[in-house]
Amino acid sequence: MTAGALRPARMWPGDVVRVGAVGLRTRPMRAFLSALGIAIGIAAMVAVVGVSSSSRADLDRALAALGTNVLTVSPGNTLTGEEAQLPVESEAMVARIAPVREVSAIALLDDAKVYRNSKMPETETKGIATYAARTDLREATGARLRGGAWLNAATGSYPATVLGATAAERLGIGRAGPDVQVLVGGHRFTVIGILDRAPLAPELDSAALVGWTAAQARLGFDGHPTTIYTRSRDASVEDVRSVLGATANPEAPNEVEVSRPSDALAARKAAGEAFTGLLLGLGAVALLVGGVGVANTMVISVLERRSEIGLRRSLGATRGQVRTQFLAESLLLSALGGVGGALLGAVVTSGYGLYQGWPIVVPAWAVLGGVAATLVIGAMAGLYPAIRASRLSPTEALAAP
């Protein structure tokens, strides 16, 4: 290069940002609408990930409080397809398993229908089931009382009942007391307590629970349990699970079903997460549409600003500098939409989490990944318009109307 040769001025990063922001400042409404498309896509993706993570955190918290060491034993089917029956002594035999810390049981009483009073039609059972219950059932299932008292050695021998949360709602009973009675199997039972919802034993929600002794004395109960609940040491849950069937019914272990209620909760959450993928896909489509909007805005900007491009070229701006200007403008436009969308998604997640009473979890990778995705889309959307702008010759650009 000769001594008199001219070299183009160097553009520092600050200069690139200022030059790239010119187009946004001169057309603020167009810039806002283009950034809005990006923001909607990012907000949808961040909110979906945040709500899913918050829901999962709530499940983890619930399982930590309730325990994942609850196993249930129930009768399966015989070889002929008939419903099997657990032995009367099965509960006592299960209690002999060394790692088992708590054992309790309930028994379904098919013939003991529940009614609010004697004036109710026989067909309006409201889906409420009657169970004989052991007095230590709450400890084994983690069920909590909403009001009143639980069955004990005394009340378990008398016509007293504790209603599940759903059963109380269906019967129109809001409190327990000596003046609150229901008909169970044709006998008047006093409602002494109402349970909260039991996540690990949902069958209790729509149940009327009566004492084991009272069920035998008044409702024709034969003593065979239909569900046995056990709590074991966490490290021994799988070992206990492997021997529960043979212990509960040594003569026919294949007629026993063993399950873990926490697995059902996890499965329900997994089913909900199947929709998360769908919603993320919709967010990605919205993000793509936003990227197309940015590309369209940049192409129109190049067409409208040809005289500006020609003037800059005639004053010595190189093709690379013009290309950098429009690429920077596209990146700024996308970054505004990405940051705004990430904040909006975090706000939506927080609002929904507070409404549901969940822990608020907004994964950092979702926010940073969303912003990074917008920059990639912005670069791709602005690449063609930037190249097109840089290829305009000064004379052609200045001659444009």
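The values are calculated or read from the model by the stated rules, or taken from the named source; none is laboratory data. Just so it is clear, the structure is predicted and the values come from calculations on it, not from any experiment. All Cβ positions, glycine included, derive from the backbone under ideal geometry; neighbour counts span all protein chains shown. Keep in mind that these areas ignore ligands, DNA and RNA; they rest on the heavy atoms of the full protein, side chains included. Shrake-Rupley method; radii C 1.70, N 1.55, O 1.52, S 1.80 Å.
When Glu169 is tested against the conditions (1) within 15 Å of Ala198 (Cβ to Cβ); (2) touching a residue at least 24 places away in the same chain (Cβ under 8 Å), the lone failure is (2). Among the residues making up the range 114-135, a single one is modelled with pLDDT of 95 or more and of a type in the set (D, E, K, R): Arg134.
Only one of Ala57, Ala31, Ala43, Ala35 is in contact with a Pro (Cβ under 6 Å, 6 or more places away or on another chain) and touching a residue at least 40 places away in the same chain (Cβ under 8 Å); which?
Values: Ala31 fails: in contact with a Pro (Cβ under 6 Å, 6 or more places away or on another chain); Ala43 fails: in contact with a Pro (Cβ under 6 Å, 6 or more places away or on another chain); Ala35 fails: in contact with a Pro (Cβ under 6 Å, 6 or more places away or on another chain).
Every option except Ala57 fails the conditions.
Restricting attention to the range 169-186, the residues that are open to solvent by less than 50 Å² (accessible area, probe 1.4 Å) and not in a strand (DSSP E or B) total 6. Here Trp358 meets each of (1) touching a helix residue (DSSP H, G or I) at 6+ places or on another chain (Cβ under 6 Å); (2) assigned to a helix (DSSP H, G or I); (3) among the aromatic types (Phe, Trp, Tyr) with one exception, condition (2). Selection within the range 104-122: residues that are in contact (Cβ under 8 Å) with a residue 60 or more places away in the chain and more than 12 Å from Leu183 (Cβ to Cβ). The member of this set that is surrounded by the fewest Cβ atoms within 10 Å (Cβ to Cβ) is Asp111.
This table checks each residue for (1) buried (at least 20 other Cβ atoms within 10 Å of the Cβ); (2) closer than 30 Å to Ala235 by Cα.
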site: Glu82; (1), (2): no, no
site: Glu102; (1), (2): no, yes
site: Glu124; (1), (2): no, no
site: Ala129; (1), (2): yes, no
site: Leu137; (1), (2): yes, yes
site: Ala149; (1), (2): no, no
site: Ala167; (1), (2): yes, no
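Taking the criterion of being free of Cβ contacts under 8 Å to residues at least 60 places away in the same chain and open to solvent by less than 40 Å² (accessible area, probe 1.4 Å), the only residue of the range 358-375 that qualifies is Gly369.
Does Asn69 satisfy the criteria of being over 25 Å from Asp234 (Cα atoms) and modelled with pLDDT under 90?
Numbers: over 25 Å from Asp234 (Cα atoms): no; modelled with pLDDT under 90: yes.
Judged against the criteria, Asn69 is not a match.
Filtering Ser301, Ser314, Ser330, Ser334 for residues that are over 24 Å from Gly369 (Cα atoms) and touching a Gly at 6+ places or on another chain (Cβ under 7 Å) leaves a single hit, Ser301.
Scan the helices (runs of 4 or more DSSP H) fully inside the range 220-327 and keep the ones with 3 or more residues being at pLDDT 75 or above, within 30 Å of Ala140 (Cα to Cα) and open to solvent by 30 Å² or more (accessible area, probe 1.4 Å). Break it down into steps so the answer makes sense when it comes.
Working: elements: 237-248, 261-304, 306-314.
Of the helices (runs of 4 or more DSSP H) lying wholly inside the range 220-327, those with at least 3 residues that are at pLDDT 75 or above, within 30 Å of Ala140 (Cα to Cα) and open to solvent by 30 Å² or more (accessible area, probe 1.4 Å) span 237-248.
From the list Ala105, Ala98, the one residue that fits, being touching a helix residue (DSSP H, G or I) at 6+ places or on another chain (Cβ under 6 Å), within 14 Å of Leu244 (Cβ to Cβ) and either modelled with pLDDT of 95 or more or outside any helix (DSSP H, G or I) (or both), is Ala105. Yes or no: Ala207 under 26 Å from Thr123 (Cα atoms), within 30 Å of the chain's Cα centre (by Cα) and open to solvent by less than 30 Å² (accessible area, probe 1.4 Å)? Yes. Comparison of Gly353, Gly340, Gly378 shows that the only residue that is of a type outside the set (Ser, Thr, Tyr), open to solvent by less than 10 Å² (accessible area, probe 1.4 Å) and over 24 Å from the mean Cα position of the chain (by Cα) is Gly378.
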